[in-house]
1. If each of residue 108 and residue 163 carries a label point 7 Å out from its Cα toward its Cβ, how far apart are those two points in nm?
2. Need one number: nm distance between label points at residue 71 and residue 122, each 7 Å from Cα along Cα→Cβ, rounded to one decimal.
3. Within the set of other residues whose C-beta is less than 14 Å from the C-beta of residue 124, count the net charge using Lys and Arg as +1 and Asp and Glu as -1.
4. Using 7 Å Cα-to-Cβ label points, what is the residue 79/residue 55 separation (nm, one decimal)?
5. Quick one: length gained pulling residue 143 to residue 101 fully straight, 0.36 nm per residue minus the C-alpha distance?
6. Going down the table (112/142; 96/178; 72/112; 117/142), which pairs top 31 Å between alpha carbons?
7. Name the residues whose placed amide hydrogens come within less than 5 Å of the amide hydrogen of residue 135, ignoring near sequence neighbours (fewer than 5 apart) on the same chain.
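Since every read-out is calculated from the coordinates, none of them should be taken as a lab result. Quick caveat, the model's predicted, so the values are computed rather than measured. All Cβ positions, even for glycine, are placed from backbone atoms using ideal geometry, and neighbour counts span all protein chains on display.
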Amino acid sequence: MSTLAGCSSPGTTSGRAEGTAGTSGAPSPAKSPANPLVPPLSTLPPARTPVLRVRGTHNYDLQILDARTVVKLANGTGSPPDNMMALALLLRVQAKPSNRSMAAPPFDMGIKYPSRKADIKSGELYGAAGTELDFGTNYLTKDQMLTGNEKTQGVDLAGGTLQANTVYYHWVWQLVLKKANLAGATLCESEWSEPATNCIPVGAINTASLK
C-alpha cells in the first residue's frame, strides 16, 4: 500500500497517496491486511443504522459497523503527522439489487464534523488531508475479515469486482486533527457539497486506541 496521504507541507499539492479515492487510473494495492486497526476479530459488530443508499453508476447500500480514532494504520501505509490522527470506519457494502455483481465502488466520500471548516480555514488541515476519505483496505467477505491475515488480498479498491449475493467489508479512514471536535460526525456521499447531501451518522467513536 502507498504511504499515508496528508503528510505534505501546506501550500504543496495534495499529499494524497496513489490509489486513494478520487484518483483516476491509480494502481491497486498489491495486498491489504484484513484488519489493520484492531486485533483479529472473533465476530463482526452489528451494522449501525440508518443505511447510506448510494445511487448512480453503482447502486449499493453502505452501513457503518465500527468507528475509532487511531494513530497507527496498516503496515506500509504510514502514520499521521504528530498533530493528526485517523478517524477509521469499518463499512459493510452490498450491491443493490444484491443478485448482481458490480465494480468495486470508489469511496469518494468524506466525514463531516463540527470543527472541519475551522480546521481547514486555519491551515492546520491542507490538501486532501481531513477533507475526504484518505485510504482504505481491500473489500473482504465476512470469512476473510474474521480469519484473514497479511496474505488475504480480497477485492482491489480499483478495478476489482464485487460478486453477486455477497456482502463485503472494509476499513476506510480520514485524517483529522487530534484536537478536532468530532461530535455528531457524519459520513457523506458528496464530501465537497455544502450543505452535505446523503449522509449517515457515524455514531459512537472508540478512542481507546489513542491511549
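1. 2.9
2. Distance between the two pseudo-spin positions: 1.8 nm.
3. Working: positive: 116, 117, 121, 178, 179; negative: 82, 119.
Residues close to residue 124 contribute a combined charge of +3.
4. 4.5
5. Answer, rounded to one decimal: 13.2 nm.
6. On the way: 112/142 28 Å; 96/178 37 Å; 72/112 22 Å; 117/142 36 Å.
In this structure, 96/178; 117/142 lie more than 31 Å apart at Cα.
7. Distant-sequence amide H within range of residue 135: 173.
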